[in-house]
Amino acid sequence: MKTPKPILDRRRSVRVYESVPFKIGHADYEAQAETVNISAHGALCIVHKNIPLMTQLAVALTLPASGSSKRSKTIRLKGVVVRRDKDPDSDRYFLAIFFSDIKAEDEETLHRFIEGRLSTSKQG
């Protein structure tokens, strides 16, 4: 699986390359997705469903236990598909999802998760 070529980097926050399975949904469907990378403001994920650009999605993201947190934590948020690329090696699609509606405490949870992953990778 080849990730899409990078585009001009306009990111507001640090991303970590982490595979986290999660669910996305819209109106009459639900789909499984898996992150390629994630930040407090969005994620690049891979899915089997061709979802149009600007589609608003409900996202249920379960972060694995990390750092001082001994339990996984599910956060629910809304996101918008801002980029879509066909995976040339499979029938799947890369979706960039911008987190458009996330509670402040959930955004902080994501920040802590990402910081934990960054500090772990620096130690390794």
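For the condition touching a Gly at 6+ places or on another chain (Cβ under 7 Å), under 16 Å from Val16 (Cα atoms), modelled with pLDDT of 95 or more and not β-branched (Val, Ile, Thr), what is the one hit in Ala43, Ala96?
On the way: Ala43 fails: touching a Gly at 6+ places or on another chain (Cβ under 7 Å).
Just one listed residue meets the conditions, Ala96.
If I filter the range 17-53 down to residues being over 15 Å from the mean Cα position of the chain (by Cα) and in a strand (DSSP E or B), which single residue comes out as surrounded by the fewest Cβ atoms within 10 Å (Cβ to Cβ)?
Per the stated criteria, the residue is Tyr29.
If I go through the range 81-124 residue by residue, how many of them are part of a helix (DSSP H, G or I), surrounded by fewer than 16 Cβ atoms within 10 Å (Cβ to Cβ) and either in contact with a helix residue (DSSP H, G or I) (Cβ under 9 Å, 6 or more places away or on another chain) or small (Gly, Ala, Ser) (or both)?
Number satisfying all stated conditions: 3.
All but one of (1) touching a residue at least 40 places away in the same chain (Cβ under 8 Å); (2) surrounded by fewer than 18 Cβ atoms within 10 Å (Cβ to Cβ); (3) assigned to a strand (DSSP E or B) hold for Thr74; state the number of the condition that does not hold.
With respect to (1) touching a residue at least 40 places away in the same chain (Cβ under 8 Å); (2) surrounded by fewer than 18 Cβ atoms within 10 Å (Cβ to Cβ); (3) assigned to a strand (DSSP E or B), Thr74 is out only on (1).
Modelled with pLDDT under 90 and in a strand (DSSP E or B) - does that describe any residue in the range 54-66?
Step one: list which residues in the range 54-66 are modelled with pLDDT under 90, which gives 64-66.
Then keep just the ones that are in a strand (DSSP E or B); that gives 66.
Within the range 54-66 (the criterion being modelled with pLDDT under 90 and in a strand (DSSP E or B)), the answer is yes, since at least one residue qualifies.
With the condition kept exactly as written, say whether any residue in the range 97-111 is of a type outside the set (A, V, I, L, M, F, W, C) and within 18 Å of Glu34 (Cβ to Cβ). Working first, answer last.
Here is the first cut: in the range 97-111, the ones of a type outside the set (A, V, I, L, M, F, W, C) are 100-101, 103, 105-109, 111.
From what's left, within 18 Å of Glu34 (Cβ to Cβ): none.
Looking through the range 97-111, none of the residues is of a type outside the set (A, V, I, L, M, F, W, C) and within 18 Å of Glu34 (Cβ to Cβ).
The values are calculated or read from the model by the stated rules, or taken from the named source; none is laboratory data. Keep in mind the model is a prediction, meaning the values are calculated, not measured. Don't worry about glycine lacking a Cβ; one is built from the backbone with ideal geometry, like all the others, and counts go over all protein chains shown.
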